[in-house]
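One structure below.
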Amino acid sequence: MLQLSSMTHADANEQARAAAADFVRHLVPHWQEIFGNGLLGAYLIGSLAHAGFSRRYSDVDIALVTVAGLSPEAHDRIRNEAAALSADWGPKISIFWADRHFSVGRFPPLDRIDYLDHAIALTEQDFVRPARPTLTEIRQYLRGEPFVSWAHRARSFAAADALQPEDHKAYLRTLLYPARFGYSWITGLMGSNDDAVAFVKKRPVPRLNVELIARALECRQTADDSDGLFPARSTLLQQIDACASLFAAGG
């Protein structure tokens, strides 16, 4: 954890973001060795590419576009080499990938939006531009697996008696997701947690407890433990209903 004796939390998060980006750049030669000329592009996405990186809670999101996609063996090799390079950043790596035609891979609609709008190229021989997901496609995606999985986690946390140390990140993410749902559902965009929380403050979703979400964002920014927010866990049931109502209303 970075010491904050002479720097703000924002400074510390930016310093961490720069260190994480530098870590990823050192992985590029390994990817070039794996894929050779088949590597069309490698990119920073997520909070590494736009505002809102958290030194404690952010993933290290990368996007790889190759001629033929990413085999399980190549995926495992990338993750193993990342872990070998850094015990701090390696386990946080999250790989989004696609073939040249974006016909196979792990690249959900919102992450495609992020790639199109925010990606920072690490190496690129051919920029592949997939079709931009429509607002209808994004809404169909959000009300499907993302909402179902989030609601399941939210109900589990709401019913829990204690927050385990390994669940601090998952709990904080669960608290923040309603803002991201509202932001992307209404705008069709992929933004940072900061963007999403600012949006729902200005354009409140009916019955959504924005105050709790704002507290979760502050916790993320300051890298504090999220157990201070655990007494508010029952509010997640209200958040589920608010998001479900938003989706049912069609906008």
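Each reported figure results from applying straightforward, stated rules to the coordinates on display, with no laboratory input. Not measured: the values here are computed from a predicted model.
Of note:
- For the chain, Kirkwood radius (reciprocal of mean inverse C-alpha pair distance, Å): 19.1 Å
- Here the Karplus relation 6.51 cos²θ - 1.76 cosθ + 1.60, evaluated at θ = phi - 60°, turns the backbone of region 118-132 into coupling constants of 10, 4, 10, 6, 9, 8, 7, 10, 7, 6, 9, 10, x, 4, 6 Hz, with x for every Gly and Pro.
- 5 angstrom amide H check on residue 40, placed H, neighbours 5+ away: 65, 66, 67
- Helix-only [θ]222 nm of the chain, DSSP H runs n ≥ 4, -39500 (n - 2.57) each, per residue, nearest 500: -16500 deg cm²/dmol
- Highest-MSF residue in the chain out of 139, 129, 173 [GNM, Cα springs under 10 Å]: 129
- With Cα atoms, 0 to 90° folded angle of helix 72-85 axis to the chain main axis: 80 degrees
- Annotation: amide H-H contacts under 5 Å for residue 94 (H modelled 1.01 Å from N, sequence separation of 5 or more, or interchain): 60, 61, 62.
- Remark: region 55-64, residue by residue, has Karplus-estimated 3J(HN,Hα) of 4, 9, 9, 6, 7, 9, 8, 10, 10, 10 Hz, where x stands for each Gly or Pro and the curve is 6.51 cos²θ - 1.76 cosθ + 1.60 at θ = phi - 60°.
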